[in-house]
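The block underneath contains the structure these notes are about, expressed in structure tokens.
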Amino acid sequence: MELIVLGSSSKGNCYLLKNETECLILECGIPFIEVKKALDFNLATVVGCLVTHEHGDHCKYVKDVINSGIDVYMSSGTKEAIGIESHRIKTVISFDTFKVGGFTVLAFDVRHDCEEPFGYVIHHKDTGSILFATDTFYGATRC
Ligand SMILES: [Zn+2]
């Protein structure tokens, strides 16, 4: 399993967590063509895409991901803020655990200046657990 960083700044965020058989996309804030290039134009291994929140540098190209037949996971607050209706958008709730291919993902709510930002704990048998959180801090107490 390797983590490929395609973008990690306010210009656009996108990461690929992949091995030979599966690829999970984290965020889609860069032109989708860059993802395709990184995968040699073979999207068959892509099992899904996780989005943390609605800011453009994290989800500007969500439509292109959906149009490529890839399911995108996010909070319902993020979905509303993005304003795209598609059966490809899968809303998850905080502390939900869900399967994306061979990845088991736990969503959790984080703090950021947007509707309903999430971080994710991503587990795969090849890697163990990976914590993915961005643009945030995690407050142990709610206020
Ligand atoms: Zn943000």
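Values computed for the structure shown
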item: Subset of region 81-128 [outside any loop (DSSP other than H, G, I, E, B), within 16 Å of the ligand (Cβ to nearest atom) and over 13 Å from the mean Cα position of the chain (by Cα)]; result: Ala81, Ile82, Asp109, Arg111
item: Yes/no for Tyr120 being touching a residue at least 24 places away in the same chain (Cβ under 8 Å), among the hydroxyl-bearing types (Ser, Thr, Tyr) and open to solvent by 50 Å² or more (accessible area, probe 1.4 Å); result: no
item: Candidate set: region 19-60, residues that are hydrophobic (A, V, I, L, M, F, W, C) and within 16 Å of the ligand (Cβ to nearest atom); chosen: the one farthest from the chain's Cα centre (by Cα); result: Ile30
item: Scan of region 93-108 for residues that are over 18 Å from Phe137 (Cβ atoms) and open to solvent by less than 20 Å² (accessible area, probe 1.4 Å), ordered by number; result: Val100, Phe103, Val105
item: Any hit, region 22-39, residues being in contact with a Lys or Arg (Cβ under 7 Å, 6 or more places away or on another chain), in a helix (DSSP H, G or I) and either surrounded by 15 or more Cβ atoms within 10 Å (Cβ to Cβ) or acidic (Asp, Glu) (or both); result: no
item: Residue within region 62-69 that is assigned to a helix (DSSP H, G or I), at pLDDT 95 or above and within 16 Å of the ligand (Cβ to nearest atom) present; result: yes
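The values are calculated or read from the model by the stated rules, or taken from the named source; none is laboratory data. If you're wondering where the values come from, they're calculated on a predicted model, not measured in any experiment. We place every Cβ from the backbone using ideal geometry, glycine too, and count neighbours over all the protein chains shown. Note: accessible area is taken over every heavy atom of the protein model, side chains too, but ligands, DNA and RNA are not part of it. Shrake-Rupley method; radii C 1.70, N 1.55, O 1.52, S 1.80 Å.
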